[in-house]
Every structure is written in C-alpha cells, then in structure tokens.
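Peer 1: Here it is: the structure, laid out below.
The values are calculated or read from the model by the stated rules, or taken from the named source; none is laboratory data. Just so we're clear, the structure is a prediction, and the values are computed from it rather than from any experiment. Note that we place each Cβ from the backbone using ideal geometry, even for glycine, and neighbour counts take in every protein chain shown. Calculation scope for accessible area: heavy atoms of the full protein, side chains included, ligands and nucleic acids excluded. Shrake-Rupley method; radii C 1.70, N 1.55, O 1.52, S 1.80 Å.
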Amino acid sequence: MKNRPVLIVAIIITLIVELILMILVYNKIGTERLPFQIGRLTIQLILIIWVLACKSDVGLFLLAAYHIISALFGMYSKGSAELLGQTLIGLHVIIGIIIYFHDWIESKIGIKWSD
C-alpha cells in the first residue's frame, strides 16, 4: 500500500465523504434511504479491499467505473441542480479519474515508492 499514495488519498477522501453523506441524509430523512446507502458503502468497501489487497487492475477499473457511473446517475437525479448535487457529481468524476490514473499522476508529480 505504501507504493500507491495518490490512490490511498483518493480512497480515504471517498470514504470520508460517503460517511458524512450517510450521516447528513440520515439526520435529514431518517432510515428511509439508509439501506441503499449501506449497500453503496458495502460495494465500495469490497472494491477497495480488492484493489488494495490484490493490486487488481480489474478492481481498480471497477472502482473508477463505480464513481463515473455514480456521477452519471447523479446528473439525472432530483437534486442535481443544487450546489451539493453538482459538487458530488464533480467529486465522483474527479475521484474516478484519480483512481484510474493514479500511477500516471504519481509519476508526473515525482512520487517514487518501492515495494
């Protein structure tokens, strides 16, 4: 894991944002959307564990695709016109791109870690 700092930071940001959203939605709506959000978090955790434990390119692709698809679905949701909705769409796109291209980003900014 030490040799993938950009990927680790992107994953940490993703988990923090997801947990904050779960808390905010729970406080505003209650338990109505909680099963859906727990399902989303579970899918993300499975993909994250797969990517970090196995250094899987397929898992990396699926995790990045998850974020891009979430952004696309977010564009067509009811709250997408609000600032928070647009911010979350942007966050999903940016995190998806960072996750997929983390090796290239690390090489461009000069991070060189060894196994």
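Peer 1: Tell me the per residue accessible area of the chain using a 1.4 Å probe; a whole number in Å² is fine.
Peer 2: Value for the chain: 66 Å² per residue.
Peer 1: A follow-up question, please. So, in nm, how far is label ILE8 from label PHE73 when the simple model puts each one 7 Å beyond its Cα toward the Cβ?
Peer 2: Taking the two extended label points, one gets 3.0 nm.
Peer 1: Here's something else I'd like to know. Show that you can apply the helix-only estimate: for the chain, add -39,500 (n - 2.57) for every DSSP H stretch of four or more residues, divide by all residues, and state [θ] at 222 nm to the nearest 500.
Peer 2: My calculation for the chain gives -27000 deg cm²/dmol from helical runs alone.
Peer 1: Note down the nm distance, to one decimal, between modelled labels 7 Å out along Cα→Cβ at GLU32 and at PHE101.
Peer 2: The answer from the label model is 3.9 nm.
Peer 1: Right, here's the next one. Under a point spin-label approximation (7 Å from Cα along Cα-to-Cβ), what is the VAL25-ASP57 distance to one decimal in nm?
Peer 2: So the label points at VAL25 and ASP57 sit 3.3 nm apart.
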